[in-house]
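One structure below.
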Amino acid sequence: MSCKFVTVFSLSALALAVSLAAAAAQPLTVVELFTSQGCSSCPPANANLIKVKDQPGVLALSFNVTYWDYLGWKDTFGRQEFTQHQVSYEPPLGHDGPFTPQVVVNGHADVVGAAPGEIQNLIASTGRTSGPSLSLAGGKISIGAGAAPAGRADVWLVRYAKGVVEVPVARGENTGRTLPHANVVHSLKKLGSWTGDATALDLPPASDGLSTAVLVQSPGGGPILAAATN
């Protein structure tokens, strides 16, 4: 009886693992929030991202930008590369320059994101990425064959802290408030390019308990073709 129980349990665990792996390999909807602890308009968008971060098929990421630091509070998560990442989106999206809050879905549609239901509505209308297959396993990034717009796409490595963190703000427009942040990005690095052929790239190990996401994206702030997370 004991041996049979272990066998059934093992098979159930294997089935669950296979199911989870299959779910992880499904196309995702990538939701990027550009926010700042120094912006009084950002807390509602932060809260709205929290509402969708655990939705199946959604990869929600918070990028903290730096251009409001001059107002008196230096964003604790802000990095210049995140600001540049946002700036690259603005011409294709029809904007003169960056602003906060801003939510970009799959790299080609955006809203402010502060109104109730605004992010959810954009997710529903945009759908999931539709590019090459993409998976992370065994220290490798595997990208399937497909059509690469303009001949190539960038492969981005994102390290982020999964979950919600509360940040007390002592100065600036949000003085005295404690602001929640969801899935805060800590680093963004270009790993290489994808030209349409099946490709495998090394996946550097993560540190400090951070989670990993990989984005395959058309250059210059173009659409996100594929995304995967661990």
message: As an exercise, use a Förster radius of 25 Å and the Cβ-Cβ distance of residue 125 and residue 207 to find the FRET efficiency, rounded to the nearest 0.05.
response: 0.10
Furthest towards positive pole of dipole, 156, 137, 126, structure part segment 118-182, Cβ charges: 137
- request: With a point put 7 Å past each Cα toward its Cβ, work out how far residue 55 is from residue 133 in nm, to one decimal.
  value: 2.7
- prompt: Can you pull the accessible area of residue 199 for me, 1.4 Å probe, Å² to the nearest 10?
  reply: 30
message: Could you give each residue of segment 142-153 its phi-based ³J(HN,Hα) in whole Hz, using Karplus coefficients 6.51, -1.76, 1.60 with θ = phi - 60°, and x for Gly or Pro?
response: 10, 10, x, 6, x, 8, 9, x, 6, x, 7, 9
Residue among 33, 191, 134 with the largest mean-square fluctuation in a Gaussian network model of the chain, springs linking Cα atoms under 10 Å: 191
- line: The ³J(HN,Hα) series, computed from each phi in segment 182-196 with the Karplus coefficients 6.51, -1.76 and 1.60 at θ = phi - 60°, rounded to the nearest Hz and given as x for glycine or proline, is 10, 6, 5, 7, 9, 7, 9, 9, 7, 9, x, 10, 10, 10, x
- request: Mind ranking 175, 129 by accessible surface for me, highest first, 1.4 Å probe?
  value: 175, 129
- request: May I ask you to derive the FRET efficiency for residue 87 and residue 193 from their Cβ-Cβ distance with R0 = 22 Å, giving the value to the nearest 0.05?
  value: 0.60
query: Using the alpha-carbon centroid of each, what span in Å lies between segment 169-230 and segment 99-167?
result: 9
statement: The correct ranking of 53, 140 by accessible area at 1.4 Å, largest first, is 140, 53
statement: The FRET efficiency for residue 175 and residue 95, from their Cβ-Cβ distance with R0 = 25 Å and rounded to 0.05, is 0.30
message: Keeping all protein chains in the complex and leaving out DNA, RNA and ligands, what accessible area do you get for residue 128 with a 1.4 Å probe, in Å² to the nearest 10?
response: 120
field: Residues whose placed amide H lies under 5 Å from that of residue 58, excluding near-sequence neighbours
entry: 29
statement: Options [x] 19.1; [y] 17.1; [z] 18.6 are given for Kirkwood radius over Cα pairs in Å, and the computed one is [z]
message: Can you list which of the DSSP-assigned H helices in the chain have a Cα extent of 18 Å or more along the long axis and an average Kyte-Doolittle score of at least -1.0?
response: 2-25
- prompt: Hey, rough spin-label estimate for residue 108 and residue 145, points 7 angstrom out along Cα→Cβ, what's it come to in nanometres?
  reply: 2.3
task: With only Lys, Arg, Asp and Glu charged, each at its Cβ (+1 for the first two, -1 for the last two), find how big the charge dipole of the chain is about the Cα centre; round to the nearest 20 debye.
output: 560
Segment 56-108 pair-distance distribution - Cα-Cα, 5 Å bins, rounded %: 4, 18, 28, 24, 15, 9, 2, 0
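The values are calculated or read from the model by the stated rules, or taken from the named source; none is laboratory data. Predicted, not measured: the structure shown is a model, and the values here were computed from it. Here the Cβ is made from the backbone with ideal geometry for all residues, glycine too, and neighbour counts use every protein chain on show. Heads up: the accessible areas ignore ligands, DNA and RNA and are worked out on the full protein's heavy atoms, side chains in. Shrake-Rupley method; radii C 1.70, N 1.55, O 1.52, S 1.80 Å.
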